[in-house]
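K.L.:
Quick one: structure below, then a few questions.
The values are calculated or read from the model by the stated rules, or taken from the named source; none is laboratory data. What you see is a predicted model, and the numbers here were worked out from it, not measured in a lab. Neighbour counts are summed over all protein chains in view; Cβ atoms, including those assigned to glycine, are modelled from backbone coordinates with ideal geometry.
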Amino acid sequence: MLLHAGTNDICQRRGVASTVNGISGIIDVLRTVNPRIRILLAELINSSNCPPRPVNARLPALVADKNRPESPIALADQFSGFDPATMTYDGDASSCSRRLAHGGPVV
């Protein structure tokens, strides 16, 4: 499953640690429902109003901590190259799909 979470927290000026802890909690809940779930954790997309870099910088460590053989997690770079002025939700989804189809992480 593709998990894209944390944007609202950043836009509402919640702290980075709180946002990352919230994402970690979502992963825990998902694993409670399905212990073998495969997760593609999306970096937050670029936004002029809600800068995602501090959260995105912490996601690789979260992925490393939460990765399990029976329930793998991979990080999806949806930040690089995303322009909120010109790209739409459909463009974002298509971009992610292309990355996965052409050798990106498939979990």
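K.L.:
Is it the case, given these coordinates, that N49 is more than 15 Å from L2 (Cα to Cα) and at pLDDT below 80?
P.N.:
When the stated conditions are applied, N49 passes them.
K.L.:
For region 62-70, indicate whether the set of residues that are among the polar types (S, T, N, Q), surrounded by 13 or more Cβ atoms within 10 Å (Cβ to Cβ) and in contact with an Asp or Glu (Cβ under 9 Å, 6 or more places away or on another chain) is non-empty.
P.N.:
Checked region 62-70: no residue is among the polar types (S, T, N, Q), surrounded by 13 or more Cβ atoms within 10 Å (Cβ to Cβ) and in contact with an Asp or Glu (Cβ under 9 Å, 6 or more places away or on another chain).
K.L.:
How about region 44-64: which of its residues are assigned to a loop (DSSP other than H, G, I, E, B) and either among the polar types (S, T, N, Q) or under 10 Å from the mean Cα position of the chain (by Cα) (or both)?
P.N.:
Hits for region 44-64 are L44, I45, N46, S47, S48, N49.
K.L.:
So which residues in region 21-43 are within 13 Å of the chain's Cα centre (by Cα) and β-branched (V, I, T), if there are any at all?
P.N.:
Selection gives I23, I26, I27, I39.
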